[in-house]
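K.L.:
Sharing a structure with you now.
Every read-out reported here was derived from the displayed coordinates using simple, explicitly stated rules and does not represent laboratory data. From a predicted model like this one, the values you see are computed outputs, not experimental measurements. Positions of Cβ are generated from backbone atoms using ideal geometry, with glycine treated the same way; all protein chains shown enter the neighbour counts.
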Ligand SMILES: Cc1cc2nc3c(=O)[nH]c(=O)nc-3n(C[C@H](O)[C@H](O)[C@H](O)COP(=O)(O)OP(=O)(O)OC[C@H]3O[C@@H](n4cnc5c(N)ncnc54)[C@H](O)[C@@H]3O)c2cc1C
């Protein structure tokens, strides 16, 4: 390391990662009057946040029937309620910071008979549990989908703008191009070793999502790597009412305000090292091509942009919040998955409450994944 460029600083909390989660955590802590530094390896929103399709979707992939069968009715209801809380927190914050969030609603679309039944049953269960949804046996897009579930309160937002606005909303020292390489206890404090910088602080929050196991290998027991792909098509003349997702949420399409169409897919876990290379996994690319050929054939030959990104995934699909057992001042909010936008503020709030008040992380607690 070049000692002449090594800067030693002191602050209350270091947040590692300037995606939407790190930005929400930093803003919340700074508003409490704490001295906060954000260390980001790339630029603000340089990870999944800046690559996201911007759809703010209620719940989690798999539809409500799957959640009820997997977690039980009461816990599924609690999970959906939390996601609604996260969606509304994001919407209120966007309004306060002047970031446009369009309440476009969203459609979940069935690609198989089995999924059509899952959607119908999910709609009934959601209504019984007082969530706002609509259901149609006919395809609202008239493209061969078998049924459709409507979430009227979902929306779209520019997640990168949101992260930037959060970081500008309070006195926060943001250091980009500053990859954190190691963490160690120094008395009761934590010493953060980063590229050309070292910081001593009372606590650290890791908000690095899919990159977590690279920075701290022990986190691989909770977070594995997933990959997402988004392509943009222009000049197709297609018009859609709002974001739509299909195949249990793993493929989606969204109209952009300028008339282009954005199509995307994601999968997890991925065994090989993460990559933001322009060429994603063959399987992911093939899956999205099949989806596009079948339901949006007009995009063929019109793809003008392609971007991929790394996402962090947990075994049950919910984010994970906790503190490292061997570094007690190091907290984490990770595993946001492919639907991370509505969960970002939930994870951020939980980790801040845990750090400041010792509050339990509830449904997001890491312990749930180790039993
Ligand atoms: C292509 C794509 C499309 C998506 N579309 C949607 C969507 O439409 N709706 C939705 O809800 N979700 C979507 N997602 C998922 C969503 O974007 C993520 O769940 C969310 O952005 C995660 O936010 P984060 O802040 O936890 O992580 P990130 O945004 O990944 O931020 C983590 C940051 O940590 C930094 N970092 C990593 N390691 C270090 C280190 N050692 N030192 C310093 N910094 C480090 C990274 O550079 C990165 O900026 C999409 C994801 C991708 C990739």
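K.L.:
Would you mind computing, in nm to one decimal, how far apart the modelled labels at residue 303 and residue 95 are, each placed 7 Å from Cα along Cα→Cβ?
P.N.:
My value for the distance between the label points is 3.9 nm.
K.L.:
Further question: Pick from 56, 99, 68: which is most flexible by mean-square fluctuation in a GNM of the chain where alpha carbon atoms under 10 Å apart are linked?
P.N.:
68
K.L.:
Follow-up. Taking the Cβ of each residue in 111, 208, 199 as the centre, tally the other Cβ atoms inside 10 Å and list the residues starting with the fewest.
P.N.:
111, 199, 208
K.L.:
For residue 370 and residue 32, calculate 0.36 nm times their separation in residues minus their Cα-Cα distance, and state this gained length in nm to one decimal.
P.N.:
Residue separation times 0.36 nm, minus the Cα-Cα distance, leaves 118.5 nm.
K.L.:
Using the reciprocal of the averaged 1/r over all distinct C-alpha pairs, how large is the Kirkwood radius of region 1-100 in Å?
P.N.:
For region 1-100, inverting the mean 1/r across all distinct Cα pairs yields 16.5 Å.
K.L.:
Helix 282-295 versus the longest principal axis of the chain: what angle, 0 to 90°, nearest 10, using Cα atoms?
P.N.:
Tilt of helix 282-295: around 30 degrees.
K.L.:
With a cut-off of 20 Å, note down the residues of region 24-63 whose backbone N falls inside the zone around a label point 7 Å from the Cα of residue 357 toward its beta carbon.
P.N.:
Label zone hits: 24-35.
K.L.:
So if R0 is 51 Å, what FRET efficiency would residue 293 and residue 188 give, r being the distance between their Cβ atoms, rounded to the nearest 0.05?
P.N.:
With R0 = 51 Å, the Cβ-Cβ based efficiency is 0.30.
K.L.:
Compute the Cα gyration tensor for region 102-245, then decide on rounded, prolate or oblate, letting a ≥ b ≥ c be the square roots of its eigenvalues: rounded whenever a/c is under 1.5, prolate when a/b is larger than b/c in the other cases, and oblate in all that remain.
P.N.:
prolate
K.L.:
Cα centroids of region 304-368 and region 20-51: how far apart, whole angstrom?
P.N.:
Between the Cα centres of region 304-368 and region 20-51 lies a distance of 14 Å.
K.L.:
Let me ask something else about it. For the chain, find the longest principal axis of its Cα atoms and tell me its angle to the long axis of helix 20-31, 0 to 90°, nearest 10.
P.N.:
It is inclined by approximately 50 degrees.
K.L.:
Okay, moving on. Once you place label points 7 Å from the Cα toward the Cβ at residue 220 and residue 117, how far apart are they in nm?
P.N.:
4.0
K.L.:
Determine the gain in length on full extension of the stretch residue 73-residue 181; use 0.36 nm per residue of separation and subtract their C-alpha separation, reporting nm with one decimal.
P.N.:
This chain segment gains 34.7 nm when fully extended.
K.L.:
So if we plug the beta-carbon distance of residue 129 and residue 9 into 1/(1 + (r/R0)^6) with R0 = 51 Å, what FRET efficiency do we get, rounded to 0.05?
P.N.:
Step by step, r from the Cβ atoms, then E = 0.60.
K.L.:
How would you classify region 279-335 from its alpha-carbon gyration tensor, with a ≥ b ≥ c the square roots of the eigenvalues: rounded for a/c under 1.5, else prolate if a/b is greater than b/c, otherwise oblate?
P.N.:
Prolate, since a/c reaches 1.5 and a/b exceeds b/c.
K.L.:
With the chain treated as a Gaussian network of Cα nodes joined by springs under 10 Å, which of 85, 114, 298 yields the largest mean-square fluctuation?
P.N.:
Comparing 85, 114, 298 in a Gaussian network model of the chain, the most mobile one is 114.
K.L.:
Inverting the mean 1/r over all pairs of different Cα atoms, compute the Kirkwood radius of the chain and quote it in Å.
P.N.:
21.0
K.L.:
Quick check on region 49-96: take the gyration tensor over C-alpha atoms, sort the square-rooted eigenvalues as a ≥ b ≥ c, and tell me if it's rounded (a/c under 1.5), prolate or oblate.
P.N.:
Oblate is the answer for region 49-96, as a/c is 1.5 or above yet b/c matches or exceeds a/b.
K.L.:
Against the longest alpha carbon principal axis of the chain, how many degrees, from 0 to 90 and to the nearest 10, is the axis of helix 159-168 turned?
P.N.:
Approximately 30 degrees, to the nearest ten.
K.L.:
Would you work out the relative contact order for the chain, in percent, from Cα pairs under 8 angstrom that are 6 or more residues apart?
P.N.:
Relative contact order, the chain: 22 percent.
K.L.:
How far is it, in nm, from the label point at residue 316 to the one at residue 88 when both lie 7 Å from their Cα along the line to the Cβ?
P.N.:
Calculated label separation equals 2.3 nm.
K.L.:
Using alpha-carbon positions, what is the distance between the centroids of region 94-158 and region 203-241, in Å?
P.N.:
The distance from the Cα centre of region 94-158 to that of region 203-241 comes to 23 Å.
K.L.:
Which percent, to the nearest 5, of DSSP beta bridges fully inside the chain are antiparallel?
P.N.:
70
K.L.:
Of 217, 257, 325, which is the most mobile in a GNM of the chain whose springs link Cα atoms less than 10 angstrom apart?
P.N.:
In this elastic network of the chain, the residue with the biggest mean-square fluctuation among 217, 257, 325 is 257.
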